[in-house]
Amino acid sequence: MAYFSKAVRAGIGAALIALTAALPVAAQDLSGPGSSGSSQKFSRNTPSQQGRDRGQYIPGIALTPDGCEVWVMDDGAEGYGDNRLTRQGMPICHDVEPCGLLNTDQFFATDSYRIKSQHQSRIAQFFRSSTAFAFVVVGHTDSRASDDYNMRLSYNRALAVAKIGKSVGARITDVRGMGERFPVATNATKEGMARNRRVEILCFE
């Protein structure tokens with residue numbers, strides 16, 4: 001079992017995002033008839049996470065950046081992780097591939113991260129119909145404006161897409177804003193800049 005200090009967890013927190021909040025409930029449901037359920041919880045007297053965990057470690061499943069599942073427990077001050085394995089002792093991993101591409105000129109107004117109302121249902125339908133296990137949403141911009149501005153705008157646009165996914169039950173494991181740093185075309189032409197203004201959705205299959 002791996003141990004992560006608070007400092008280390010801060011660096012990998014974006015990659016280890018719990019896939020479902022329902023897991024603690026499911027663990028309680030494993031209690032047999034007549035069991036109070038409370039004896040099955042991971043108890044520890046640590047007032048952490050601003051009291052949200054009630055002094056207990058909260059178990060869950062997270063994904064590493066390469067798509068492998070990890071059992072995690074976190075009390076807000078320190079966390080533990082261990083690879084999730086098959087019965088044969090093999091890591092449970094998912095293939096990652098691009099599965100969605102949004103041209104931001106179509107879905108957002110200039111300098112805005114509010115998705116146009118007529119397109120919100122299209123994004124929701126994409127997440128509903130996908131068979132992917134989980135998603136990462138990544139925003140990009142062209143090279144106009146400052147790096148700081150582009151990083152914020154690309155992240156906020158990706159976050160807006162991710163919120164729609166979460167609203168229909170999609171597992172969003174990470175949201176990233178890359179600004180102008182990963183162009184797919186030249187920024188010397190209007191056509192190239194338009195291609196670079198995009199939000200990509202990556203699927204864990």
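Read-outs: derived from the displayed coordinates by stated rules, not from any lab. Since the model is a prediction, treat every value here as computed from it, not as a measurement. As a convention, Cβ positions derive from the backbone with ideal geometry for all residues, glycine included, and neighbour counts pool all protein chains shown.
Assuming a ≥ b ≥ c are the square roots of the Cα gyration tensor eigenvalues, decide whether segment 96-204 counts as rounded (a/c under 1.5), prolate (otherwise, with a/b larger than b/c) or oblate. In terms of gyration-tensor shape, prolate.
Pick out, in residue order, every one of the trypsin sites (Lys or Arg not before Pro) in segment 137-205 that is DSSP loop and has at most 14 other C-beta atoms within 10 Å; say none if there are none.
Numbers: sites: Arg144, Arg152, Arg157, Lys163, Lys166, Arg171, Arg176, Arg181, Lys190, Arg195, Arg197, Arg198; in loops: Arg144, Arg171, Arg181, Arg197.
Passing both the DSSP loop test and the Cβ count: Arg144, Arg181.
What length, rounded to one decimal in nm, is gained on full extension from Ala124 through to Tyr149, with 0.36 nm per residue of separation minus their alpha-carbon distance? All intermediate terms of the calculation are to be shown ahead of the outcome.
Values: separation 25, 0.36 × 25 = 9.00 nm, distance 2.72 nm.
So the extension gain works out to 6.3 nm.
The label-point distance for Asp66 and Leu85, in a model that sets each label 7 Å from Cα toward Cβ, rounds to 1.7 nm.
Can you check what the net charge comes to around Met151, using other residues whose Cβ is under 12 Å from the Cβ of Met151 (Lys, Arg +1; Asp, Glu -1)?
Numbers: positive: Arg152, Arg157, Arg176, Arg181; negative: Asp147, Asp148, Glu180.
Charge balance near Met151 sits at +1.
DSSP beta bridges fully contained in segment 96-204 are about 75 percent antiparallel.
Within 14 Å, Cβ to Cβ, of Asp142, how many net charges do the neighbouring residues add up to if Lys/Arg are +1 and Asp/Glu are -1?
Overall, the nearby charge balance is +2.
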